[in-house]
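First comes the structure, then the notes that go with it.
The values are calculated or read from the model by the stated rules, or taken from the named source; none is laboratory data. Note that the structure is a prediction, hence the values are computed from the model and not measured. Ideal geometry is used to build each Cβ from the backbone, glycine not excepted, and the neighbour counts take in all protein chains shown. These accessible areas exclude ligands, DNA and RNA; they are computed on the full protein's heavy atoms, side chains included. Shrake-Rupley method; radii C 1.70, N 1.55, O 1.52, S 1.80 Å.
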Amino acid sequence: IVSRYQCSAWARVGTTRFEFTPKEAPKPSKMTLTLIALDRPTPDFAAVFTKNAFPGAPVIVGRKRLAEPKLGAILINNKISNVCAPGGVEASETLCAAAAAQLGLAPSEVLPCSTGVIGWGLPVEAMIPVLPRAAAALTASSILPAAEGIVTTDLYPKIRRADLAGGGIVGIAKGA
């Protein structure tokens, strides 16, 4: 059975869930790590970012990525937003480099995205070892795992598809 929300012929999604203990609240928690990987990096990409005066580290890194010649993957985590966290930019760049190594890309070809608690630092040391599981799970069967992976306080995953001449587009979103 093919999902109505199947990924395109040129992108795959892989997710993994793991436990970690946040430094800021020392009790076990769970995080979902999602990779969206293009079969071939593309120069045809765009992004829209917040105009907030205090953007998160993924936004700062993402804005830099717009100047890069191509994009090959998006790395998404939930649970921690990486906003106003010490060392956030370095954490995002380290994770992009680790994801790039899994996919045979340059670190600058990976766009980081985070959602969750503001002010907490990413558990990079817990995230890097599970990246191979997300990469091994890559499949074009459905975008639903990526939409589920960004759910935090949302009530349900949000997916929309539009058919276009010669193909279609599938998008995911979070928030109210």
- Task: Could you sort out which of LYS79/LYS158; LYS30/LYS51; LYS51/LYS174; LYS27/LYS79; LYS79/LYS174; LYS30/LYS174 sit more than 21 Å apart by Cα distance in this structure?
- Result: LYS30/LYS51
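Rank these by accessible area, largest first, 1.4 Å probe: THR42, THR94.
Values: THR42 35, THR94 65 Å².
So the residues, ranked largest to smallest area, are THR94, THR42.
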- Most fluctuating residue given options ALA91, ALA47, ALA136, as computed from a GNM of the chain linking Cα atoms under 10 Å: ALA47
- Task: Give the accessible area for CYS113 in Å² (nearest 10); use a 1.4 Å probe, count only protein heavy atoms, and leave out ligands, DNA and RNA.
- Result: 50 Å²
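Tell me the carbon and sulfur percent of the accessible area for the range 21-79, rounded to whole percent, probe radius 1.4 Å.
The computed percentage sits at 57.
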- Query: Quick one: how many Å² of ARG133 are accessible to a 1.4 Å probe, rounded to 10?
  - Reply: 120 Å²
- Message: Using only the Cα atoms of the range 73-123, what are the Rg and Dmax in Å?
- Response: 10.7, 32
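Using Cα-Cα distances under 8 Å and only pairs 6 or more residues apart, what relative contact order does the chain have, in percent?
Working: 378 pairs, mean separation 49.8, N = 176.
Computed over the chain, the figure is 28 percent.
In terms of the ratio Rg/(2.2 N^0.38 Å) built on C-alpha atoms, what value belongs to the chain? Spell out each step's value before the answer.
Working: Rg = 15.5 Å, N = 176, 2.2 N^0.38 = 15.7 Å.
Ratio of Rg to 2.2 N^0.38 Å for the chain: 0.99.
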- Provide Rg and Dmax in Å for the range 103-144, with only Cα atoms included in the calculation. 12.8, 35
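Quick check for me: using +1 on Lys/Arg Cβ and -1 on Asp/Glu Cβ, what's the dipole size of the range 79-176 about its Cα centre, in debye to the nearest 20? Show your work: numbers first, answer last.
Values: 6 positive and 7 negative charges, 65 e Å.
Roughly 320 debye for the range 79-176.
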- Query: Taking +1 at the Cβ of each Lys and Arg and -1 at the Cβ of each Asp and Glu, which of ILE60, GLY116, LEU38 sits farthest along the dipole of the range 23-130 towards its positive end, judged by Cα position relative to the Cα centre?
  - Reply: GLY116
